[in-house]
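Structure record follows, encoded as structure tokens.
The values are calculated or read from the model by the stated rules, or taken from the named source; none is laboratory data. Being a predicted model, the structure only gives us computed values, none of them experimental. Don't worry about glycine lacking a Cβ; one is built from the backbone with ideal geometry, like all the others, and counts go over all protein chains shown. For the accessible areas, the whole protein counts, side chains as well, though only heavy atoms, and no ligand, DNA or RNA atoms are used. Shrake-Rupley method; radii C 1.70, N 1.55, O 1.52, S 1.80 Å.
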Amino acid sequence: MISRRALVGFGASAGGLLLSGCDRLTASPSFREALQGGEALSMRAQRLLTDRGALAPEFDAAQRSPVFRANGTRRPASADYAAHAANGFADWRLRVDGLVARPLRVSMAQIGTMPARTQITRHDCVEGWSAIGQWTGVPLKLLLDQAGVRPAARYIVFHCADDYGPVRYYESIDLVDAFHPQTILAWGLNGRRLPVENGAPLRLRVERMLGYKHAKYVERVEAVASLAAIGGGQGGYWEDSNDYEWYAGI
Amino acid sequence: MPSPRPDPLANSGRRVYRQETVKVEARVASIPDRIGDGPAPMPSIYRHRLPTRLWHWFNAVVVIVMLMSGLMIFNAHPRLYWGRYGANLDHAWLEIGSTPTQGILRIGPVTVPTTGVLGRWTDRRGNISTRAFPGWATIPTDYSLSAARRWHLAFAWLLVLPGIAYWLWSLASRHVQRDLAPRRAELAPRHIWHDVKQHARLRFPTGEAARDYNVLQKLSYLGVLFGLLPLLVLTGMAMSPMLNATWPWLLDLFGGRQSARSLHFIAMAGMAAFIAVHVLMVLLAGPLNEMRSMITGRYRLPAPRHGEEA
């Protein structure tokens with residue numbers, strides 16, 4: 001007869017084995033690949049269920065967070081950025097290039113004259129917190145249409161002015177999200193000029209995705225056919241450095 | 001210790017529906033478990049069908065992975081809010097944190113010191129960590145939000161797809177209607193209270209009365225199958241910004257994304273409590289018989305306690 005004590009002991013050691021086993025599995029490349037299959041499945045299922053133009057919920061002004069939390073880089077460290085910030089980004093140029101017919105270099109003044117969209121949306125950090133704020137900016141679609149995205153382009157890459165160790169922040173989205181009506185390069189937050197800590201002068205809003213996709217301090221928008229040559233090939237700074245999901249819809 | 005005094009009420013509530021379970025008899029083989037002069041052998045019945053047994057063990061692994069990887073995800077932001085938004089400067093109704101010297105759990109206005117377990121604990125290398133949940137409770141052991149998300153969001157599929165299959169099977173095979181749905185007489189408060197008292201005294205049903213689930217089992221299994229599990233899945237989906245665009249009503253149903261996150265955590269705590277009580281009950285009710293029934297399907301009806309009618 002097996003005693004209860006033995007059974008409890010068995011359970012505890014099985015638990016221990018499960019724990020160390022899980023860590024070993026996490027380290028195994030083939031198991032990680034299997035887990036990544038979950039991301040592919042989630043993306044496919046969500047894309048199947050979601051109309052490509054379905055809008056993220058928008059909120060009333062009264063539903064905004066009292067303080068919109070700033071996260072990640074609060075102020076890019078380069079002297080170049082400091083100089084731009086000091087003169088109100090008057091000399092800041094946004095480049096739109098890569099697989100486009102007409103590469104652009106646009107000033108903040110020019111962007112200010114383009115049609116703007118204002119939306120009160122919720123920002124969801126991958127860590128779990130949310131903040132609701134009112135964003136104003138130029139729909140990315142307008143810039144991409146002006147530049148003329150070539151048929152070979154599959155992704156839009158955002159190159160940023162903030163440093164993360166030796167590299168600058170970068171992110172990417174596909175064309176479904178790039179041409180989405182709520183996808184804007186925002187220059188205003190809660191009725192004011194976008195503060196430096198929230199990504200001045202321009203930050204991406206890609207409302208149906210987690211916070212790290214919303215690149216701040218955007219200085220270049222590049223249309224590419226593949227993400228393989230961008231950073232480590234996973235499509236973004238956090239994707240390359242920490243194995244976060246490129247598809248950040250959940 | 002169970003009292004040896006015979007309790008005339010012990011089985012009265014269950015006799016009412018005894019005739020309804022006669023059909024089970026067809027699947028019953030009276031196999032003597034012991035040979036010799038001991039007490040009369042109790043019959044063994046076929047209690048759990050194959051889909052139940054498969055799903056039980058598969059889901060046990062999946063739920064534990066979900067639980068432990070979920071605790072790691074919580075560690076990335078160990079604060080819970082009600083409403084649509086919530087970040088560090090907003091009021092959190094639950095928080096696991098630390099002071100310079102101790103770990104704390106705060107729920108509403110109540111702060112409990114939790115040093116050693118939550119908020120301040122020693123990791124396997126002997127270093128002090130101020131993360132919320134300790135390494136032994138999380139997947140992976142060392143802090144990694146991205147790895148925990150990989151586990152959690154991949155295993156979510158293994159929770160949902162087999163779970164839906166089991167739902168369909170358990171309804172189509174009438175397992176839910178026949179074995180899990182409480183009968184009217186069982187739902188009488190007196191009957192439930194009686195069962196609660198019997199459980200608290202560790203006097204579990206024996207003999208014929210153990211043939212079916214008692215009302216507390218029925219309610220807790222139904223509560224997990226049709227309450228906690230779907231609540232966990234739906235609140236999890238309500239946290240997805242993409243699904244918020246697909247099904248905005250999910251957000252409204254739970255009162256916003258941060259409320260959904262809080263409800264997800266509360267449902268997790270309910271699931272953890274269920275697992276703890278479930279394992280405890282198995283250990284108290286006869287672990288070998290219970291384990292065998294969930295492995296082979298065969299369950300030996302427990303012999304009546306001394307002084308009780310069979």
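Listed by first and then second residue, the pairs with beta-carbon distance under 6 Å, at least 6 apart or on different chains, first residue in segment A:218-230 and closer than 16 Å to A:Phe179 by Cβ, second of a type in the set (Asp, Glu), are A:Glu222/A:Asp97. In a helix (DSSP H, G or I) and within 28 Å of A:Leu143 (Cα to Cα) - does that describe any residue in segment A:53-71? So far as segment A:53-71 goes, yes, one or more of its residues are in a helix (DSSP H, G or I) and within 28 Å of A:Leu143 (Cα to Cα).
Scanning segment A:140-163 for residues that are under 17 Å from the mean Cα position of the chain (by Cα) and open to solvent by 10 Å² or more (accessible area, probe 1.4 Å) returns A:Lys141, A:Arg154, A:Tyr155, A:His159, A:Asp163.
One line per residue, one yes/no per condition, for (1) within 14 Å of chain A (Cβ to nearest Cβ); (2) open to solvent by 40 Å² or more (accessible area, probe 1.4 Å); (3) of a type in the set (A, V, I, L, M, F, W, C); (4) on the phi > 0 side of the Ramachandran plot:
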residue: B:Glu208; (1), (2), (3), (4): no, yes, no, no
residue: B:Tyr221; (1), (2), (3), (4): no, yes, no, no
residue: B:Met242; (1), (2), (3), (4): yes, no, yes, no
residue: B:Thr246; (1), (2), (3), (4): yes, no, no, no
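Restricting the first member to segment A:175-187 and to residues that are among the small types (Gly, Ala, Ser), and the second to residues that are in a helix (DSSP H, G or I), the beta-carbon pairs closer than 8 Å and six or more apart or on different chains are A:Ala178/A:Leu140; A:Ala178/A:Lys141; A:Ala178/A:Leu144. In segment B:141-154, the qualifying residues are those that are assigned to a loop (DSSP other than H, G, I, E, B) and not polar (S, T, N, Q), and the one that is farthest from the other protein chains (Cβ to nearest Cβ) is B:Tyr143. Just one residue in the set B:Gln177, B:Gln198 is in the same structural domain as B:Pro41 (by TED's automatic domain parsing) and under 29 Å from B:Gly236 (Cα atoms); that residue is B:Gln177.
Sub-6 Å Cβ pairs linking a first residue in segment B:75-99 that is without any contact (Cβ under 8 Å) to a residue 60 or more places away in the chain and not assigned by TED's automatic domain parsing to the domain that holds B:Leu263 to a second residue that is open to solvent by 10 Å² or more (accessible area, probe 1.4 Å) and among the hydroxyl-bearing types (Ser, Thr, Tyr), at least 6 apart or interchain, are B:Ser98/B:Thr130, ordered by first then second residue. Scanning segment B:271-300 for residues that are touching an Asp or Glu at 6+ places or on another chain (Cβ under 7 Å) and touching a residue at least 40 places away in the same chain (Cβ under 8 Å) yields one hit, B:Arg300. Given segment B:62-140, what strands (runs of 3 or more DSSP E) lie entirely inside it while holding 1 or more residues that are away from chain A (no Cβ under 13 Å), of a type in the set (A, V, I, L, M, F, W, C) and in contact with a strand residue (DSSP E or B) (Cβ under 7 Å, 6 or more places away or on another chain)? Correct list: B:103-107, B:110-113.
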